[in-house]
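See below for the structure under consideration.
The values are calculated or read from the model by the stated rules, or taken from the named source; none is laboratory data. In this text the structure is predicted, and so the values were computed from the model without any measurement. When we count neighbours, we look across all protein chains shown, and the Cβ atoms used for this are built from the backbone with ideal geometry, even at glycine. We work out accessible area using only protein heavy atoms, side chains counted, and drop any ligands, DNA or RNA first. Shrake-Rupley method; radii C 1.70, N 1.55, O 1.52, S 1.80 Å.
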Amino acid sequence: MTTPSVSPSFSPWRLSVAPMMDWTDRHCRYLHRLLSRHTLLYTEMVTTGALMHGSVQRHLRFNAEEHPVALQLGGSEPDELARAARMGQAWGYDEINLNCGCPSERVQRGAFGACLMAEPQTVADGVKAMRDVVDIPVTVKHRIGIDRTESYDFVRDFVGTVADAGCEVFIVHARNAWLQGLSPKENREIPPLRYELVHRLKQDFPQLTIAVNGGITTNAQIAEHLQQVDGVMVGREAYHHPWLLTSWDRTFFGADTPEPDRNEVEDQMVRYMERAHAEDGCPWYAIARHMLGLRHGLRGARKWRQVWSDHRLKPLPPREVWALAQAHVSDEVDNGFVAPDTLAQGAAA
């Protein structure tokens, strides 16, 4: 695939898809890359412990088509972070990102994630250790505060300390992380969004690259934030409504690429399913779950999703499942209810 031309003046962090546990795996990222050539993609968080004691290949393997792609690490020990960052560079990642924003109790028990914001020097030491052993950018993703601390000074001092260690890129989720009393889901919704603090960081640290994250769902919002900061990271909206990505190359990177064809994207995903199964036995439904939002809002989308989600179709090859799904989005087929027995018969055929 030929990458369309794009202005070199744009920051690599101008637009990105957030790291999301259980969602942004290599299959999800493959889909997102079909939709946008220039958007920066992030892995799910990978802990240093998983790399020290688990399967490195399982955690670090990715598709060559995914570039530019960043590895997000979770950890706090400088030596382990350095070892993990070195692994990430050796595997070909374009960036190492340190998670200082996840508020889950499991992450807190590991003494990393959002709780690290209370220990900026620990973060700085980790950043320095990683920068000493890799040539690719080392970045930090964090919140604007923790618990009920709402002082701008807190996040300003955090960024200042970590920047002194050589970090030049900060991706800021514009909410506090409440470490007690809220679930991770509630932490994405209940603490109020305060974008003005992220914008102020850019004003106070003009030499740094500052990207904003949190609650951003439209191109109009992205464009508005880009007037204030260097980049925008989109999370769940990009996952649930991935077709949004197809407008980003032209709108925000000035690329001369045409919008992808939806049927062609689906065909390429089916080809990828066939390839993944041939390579390591990966079942098609482990990949299909990431593309259920491709036809969001379109005629026949609900039935299309039902086909790709029907567990009774798992024995079929993916191209046959796609044919069943496509029947519900063609102009000649009525979009009324299709009895589950119809799908079951297809699986048994």
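Remark: pairs (first residue in region 25-38, touching a residue at least 60 places away in the same chain (Cβ under 8 Å); second residue open to solvent by 30 Å² or more (accessible area, probe 1.4 Å) and in a helix (DSSP H, G or I); Cβ separation under 6 Å; 6+ apart in sequence or on different chains) = L34/Q268.
Can you find a residue that is under 22 Å from W13 (Cβ atoms) and open to solvent by 10 Å² or more (accessible area, probe 1.4 Å) anywhere in region 48-61? Lay out the reasoning, then the answer.
Taking region 48-61 first, the residues under 22 Å from W13 (Cβ atoms) are 60.
Remaining after also requiring open to solvent by 10 Å² or more (accessible area, probe 1.4 Å): none.
Checked region 48-61: no residue is under 22 Å from W13 (Cβ atoms) and open to solvent by 10 Å² or more (accessible area, probe 1.4 Å).
State all residues of region 150-196 that are of a type in the set (S, T, N, Q) and open to solvent by less than 60 Å² (accessible area, probe 1.4 Å); if no residue qualifies, say none. Listed by number, the residues that qualify are S151, T161, N176, S183, N187. Only residues that are more than 14 Å from V232 (Cα to Cα) and in contact (Cβ under 8 Å) with a residue 40 or more places away in the chain were counted across region 156-174, and they come to 11.
Just to verify a result, which residue in region 273-287, among those that are part of a helix (DSSP H, G or I) and touching a helix residue (DSSP H, G or I) at 6+ places or on another chain (Cβ under 9 Å), is nearest to R61 (Cα to Cα)? So that I can check it myself, show each step before the final result.
So in region 273-287, the residues part of a helix (DSSP H, G or I) come out as 273-280, 284-287.
Filter once more, keeping what is touching a helix residue (DSSP H, G or I) at 6+ places or on another chain (Cβ under 9 Å): 273-274, 276-277, 284-287.
Values: M273: 16, E274: 18, A276: 12, H277: 15, W284: 18, Y285: 19, A286: 16, I287: 15 Å.
Only one residue tops the list, namely A276.
For V134, the conditions (1) surrounded by fewer than 24 Cβ atoms within 10 Å (Cβ to Cβ); (2) under 24 Å from I190 (Cβ atoms); (3) among the β-branched types (V, I, T) are fulfilled apart from (2).
With a requirement of 2 or more residues that are of a type in the set (K, R), the helices (runs of 4 or more DSSP H) lying completely within region 11-114 that satisfy it span 26-35, 78-91, 105-109. Evaluation of A118 against the conditions (1) over 14 Å from A177 (Cβ atoms); (2) out of contact with any Lys or Arg (no Cβ under 6 Å at 6 or more places or on another chain) shows that the sole unmet condition is (1). Taking V134 and the conditions (1) at pLDDT 95 or above; (2) of a type in the set (A, V, I, L, M, F, W, C); (3) over 19 Å from A165 (Cα atoms), which numbered condition does it fall short on, given that it satisfies the others? Of (1) at pLDDT 95 or above; (2) of a type in the set (A, V, I, L, M, F, W, C); (3) over 19 Å from A165 (Cα atoms), only one is false for V134: (3). Do we find a residue being in contact with a His (Cβ under 6 Å, 6 or more places away or on another chain) and β-branched (V, I, T) anywhere in region 39-59? Yes: one or more hits.
As a summary of the residue check, R156 satisfies the conditions (1) assigned to a loop (DSSP other than H, G, I, E, B); (2) in contact with an Asp or Glu (Cβ under 8 Å, 6 or more places away or on another chain); (3) under 17 Å from D204 (Cα atoms) except for the one numbered (1). On inspection, E65 qualifies as on the phi < 0 side of the Ramachandran plot, open to solvent by 50 Å² or more (accessible area, probe 1.4 Å) and touching a helix residue (DSSP H, G or I) at 6+ places or on another chain (Cβ under 6 Å).
The listed residues are E259, E332, E266, and the only one of them that is at pLDDT below 95 and either closer than 25 Å to Y42 by Cβ or open to solvent by less than 20 Å² (accessible area, probe 1.4 Å) (or both) turns out to be E259. Scanning region 113-130 for residues that are open to solvent by 10 Å² or more (accessible area, probe 1.4 Å) and under 14 Å from D79 (Cβ atoms) yields T122, D125, K128, A129.
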